[in-house]
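A short worksheet on the structure shown next.
Since every read-out is calculated from the coordinates, none of them should be taken as a lab result. Keep in mind the model is a prediction, meaning the values are calculated, not measured. Neighbour counts are summed over all protein chains in view; Cβ atoms, including those assigned to glycine, are modelled from backbone coordinates with ideal geometry.
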Amino acid sequence: MKENKITANAVYQLAARNGRVIEVADFNKENGAAVQLWENAKGDSQQWLLAEVSAGVYKLENKLTGKVLDVINAGGERGAWLHQWEYTGGESQLWTLEPAGDGRYKLRSKLSGLVADIVDMSEENGARLQLWEDVNGENQAWALLPVAEAAKKAPAKKAAAPKAAKPAAKKAEAPAKTEKPTAMKADAPAKAEKKPAAKKPAAKKSK
């Protein structure tokens, strides 16, 4: 295999010799989620941002979870398993890359000097990763496969024609209340004016 030139701050898959790649198990986004070997489905959980934190020293940040490849319990001894954890800048989260021949690399822990290794040299899906002393084993050599970032821009969306505002539904106007004509009280009949009483002629006195 032709040796790949490593580019900092690019996204890669880390593939074992059998083609399986390092992933975060079960799409788990939590601290402490297992890191394992699995067939390459080109998923985000199998892609790692190789971010350079100082000259030749990298953190590997999972594209799906944003968490980094870390040694469990900040372990520095062989047999310590690898998992993911939020980035703290600790040396258990920092790695150097060394050529392993055939275009592959060893992934060496800055904390311990041990390298990323497949437990029991398994080639099966679900095999866990650990730190182990460097024995130049095939299960310690990784191909870094560049992941092409999507370069296509989404076509510009046409501005949607403004929708004609629907006239507000008019509320049915209540029919004007017809005022009941005020009941006219029957006018009391005009009082008959009293006519002056006719004066009786005075009785003539007899002589």
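For the range 1-122, the alpha carbon convex hull comes to 102 Å³ per residue, rounded to a whole number.
In plain terms, the residue of Ser112, Ser54, Ser45 with the fewest other Cβ atoms within 10 Å comes first and the most crowded comes last, giving Ser54, Ser112, Ser45. Cβ-to-Cβ counts within 10 Å put Trp85, Trp142 in ascending order as Trp85, Trp142, the fewest first. About the centre of its Cα atoms, the range 1-153 shows a dipole size close to 560 debye [charges on the beta carbon of Lys, Arg (+1) and Asp, Glu (-1) only; nearest 20 debye].
Taking the number of other C-beta atoms within 10 Å as the exposure measure, put Thr65, Thr96, Thr7 in order starting with the fewest.
Fewest to most other Cβ atoms nearby, the residues stand as Thr7, Thr96, Thr65.
Taking a virtual spin label 7 Å from the Cα of Asn125 along the C-beta vector, which residues in the range 14-43 bring their backbone nitrogen under 11 Å of it? The answer is 38-41, whose backbone nitrogens lie closer than 11 Å to the label point.
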